[in-house]
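Peer 1: The structure's right below; bear with me while I get my questions together.
The values are calculated or read from the model by the stated rules, or taken from the named source; none is laboratory data. Keep in mind the model is a prediction, meaning the values are calculated, not measured. Don't worry about glycine lacking a Cβ; one is built from the backbone with ideal geometry, like all the others, and counts go over all protein chains shown.
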Amino acid sequence: MTSFRALIASSAFALWAGASSVAAQDMGDLIGITVLDGWQTERGTVMAGLRITLDAGWKTYWRNPGDSGIPPQFDWGASDNLRAVQVYWPRPEIFQEAGAETLGYMNEFVLPVELFPRDAAAPMRLDGLASVGVCREVCVPVEAVFGGTVGQGDPGHAQAIRGALAAQPDRVDGPRTVSCRVTPIADGLQLTARIAVPSQGTTERVVFETGRQDLWISAPVTSREGHILVATAELVPPEARPFAFSRSELRVTVLGQTRAVEMKGCKAS
């Protein structure tokens, strides 16, 4: 049964992502992206941001979209003097639609990015292509190009970037906070995590991320035992059989309506 659900989820993803390419091209004006130049850090990187603006009523997705949708993908290859990029994701909103729960942003938000130059003494320019899904009554894949010079500093931009950084989930130590039990099932693994965090609000959503993009992960079933949040989910790989699981790579995020907390790694239970 789990394999069947995984197949259905994969098919739904393919249908969603395979929406008309004409629609994607015609609706490209649904999203606009502006590069915000922030400041140089003490370790020689540049903190910048992407201001992402959506047409009224449209939404896009967090790095993990939830029950449906596709996460944003960025191609930084056209940039000058850029070695690596670290993206910092603000806490997403939780959307409930037609029995599905998705995670993302509406209208406008800032996505902070830390830029690592190849040569700290040389100018840097950030040019890229974003491939995202946007939804209202329908969902369509859209591509948007962006570009701008960074490293000069802009106090007005810095304020917006700092605000988005402050909106990230709080981070706590994973192995001290999360214990997890991994049990083989016919076509994968069952993961049960016991998370020692206070309530993040009336609605709590647990997100498991394993570092593997090819895993199907069921929506976690959660319950509270006092200050312990218990979450159980099934993890199914494409080969539909048990697999080696890395506890150190597990990232657990607990999202509430107004707060969120994130931890990396878990201890065995």
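Peer 1: Residue by residue through segment 54-79, note down the ones that are in a strand (DSSP E or B) and either of a type outside the set (Gly, Ala, Ser) or surrounded by fewer than 16 Cβ atoms within 10 Å (Cβ to Cβ) (or both).
Peer 2: Within segment 54-79, Leu54, Lys59, Thr60, Tyr61, Trp62, Arg63, Asn64, Pro65, Gln73, Phe74, Asp75 qualify.
Peer 1: Under 6 Å by Cβ, and 6 or more places apart or on different chains, what pairs join a residue from segment 147-174 that is in contact (Cβ under 8 Å) with a residue 24 or more places away in the chain with one that is surrounded by fewer than 13 Cβ atoms within 10 Å (Cβ to Cβ)?
Peer 2: Qualifying pairs under 6 Å: none.
Peer 1: In addition: Taking the condition of being in contact with a Pro (Cβ under 7 Å, 6 or more places away or on another chain), surrounded by 14 or more Cβ atoms within 10 Å (Cβ to Cβ) and either hydrophobic (A, V, I, L, M, F, W, C) or part of a loop (DSSP other than H, G, I, E, B) (or both), how many residues in segment 218-242 meet it?
Peer 2: Selection size over segment 218-242: 3.
Peer 1: Let me ask you something else. Just to be sure before I move on: is Asp26 surrounded by fewer than 16 Cβ atoms within 10 Å (Cβ to Cβ), among the charged types (D, E, K, R), modelled with pLDDT under 95 and assigned by TED's automatic domain parsing to the domain that holds Ala121 in the structure I sent?
Peer 2: Yes: the conditions hold for Asp26.
Peer 1: Sticking with this one: Going residue by residue through segment 132-139, is there one that turns out to be more than 20 Å from the chain's Cα centre (by Cα), of a type outside the set (Phe, Trp, Tyr) and surrounded by fewer than 16 Cβ atoms within 10 Å (Cβ to Cβ)?
Peer 2: The answer is yes, given that some residue of segment 132-139 is more than 20 Å from the chain's Cα centre (by Cα), of a type outside the set (Phe, Trp, Tyr) and surrounded by fewer than 16 Cβ atoms within 10 Å (Cβ to Cβ).
Peer 1: Still on this model: For segment 132-145, does any single residue satisfy the condition of being among the aliphatic types (A, V, I, L, M) and part of a loop (DSSP other than H, G, I, E, B)?
Peer 2: The answer is yes, given that some residue of segment 132-145 is among the aliphatic types (A, V, I, L, M) and part of a loop (DSSP other than H, G, I, E, B).
Peer 1: Under the condition of being aliphatic (A, V, I, L, M), under 18 Å from Pro71 (Cβ atoms) and crowded, with 20+ Cβ neighbours inside 10 Å, which residue from segment 87-129 is modelled with the lowest pLDDT?
Peer 2: Leu103
Peer 1: Find the residue count for segment 140-193, including only residues that are in the same structural domain as Thr222 (by TED's automatic domain parsing) and over 23 Å from the mean Cα position of the chain (by Cα).
Peer 2: Total meeting the criteria: 9.
Peer 1: I'm trying to understand the selection: among the residues of segment 191-217, which are of a type outside the set (Val, Ile, Thr) and in a loop (DSSP other than H, G, I, E, B)?
Peer 2: Correct list: Pro198, Ser199, Gln200, Gly201, Glu204, Gly211, Arg212, Gln213, Asp214, Leu215.
Peer 1: Then there's this: Given Ala48, Ala12, Ala6, Ala17, which one is more than 11 Å from Val134 (Cβ to Cβ) and modelled with pLDDT of 95 or more?
Peer 2: Only one candidate qualifies: Ala48.
Peer 1: Here's another thing I want to ask about it. Determine if segment 197-208 includes at least one residue that is among the aromatic types (Phe, Trp, Tyr), buried (at least 16 other Cβ atoms within 10 Å of the Cβ), under 24 Å from Tyr88 (Cα atoms) and touching an Asp or Glu at 6+ places or on another chain (Cβ under 8 Å).
Peer 2: no
Peer 1: For Thr258, are the conditions met, namely being polar (S, T, N, Q) and assigned to a strand (DSSP E or B)?
Peer 2: no
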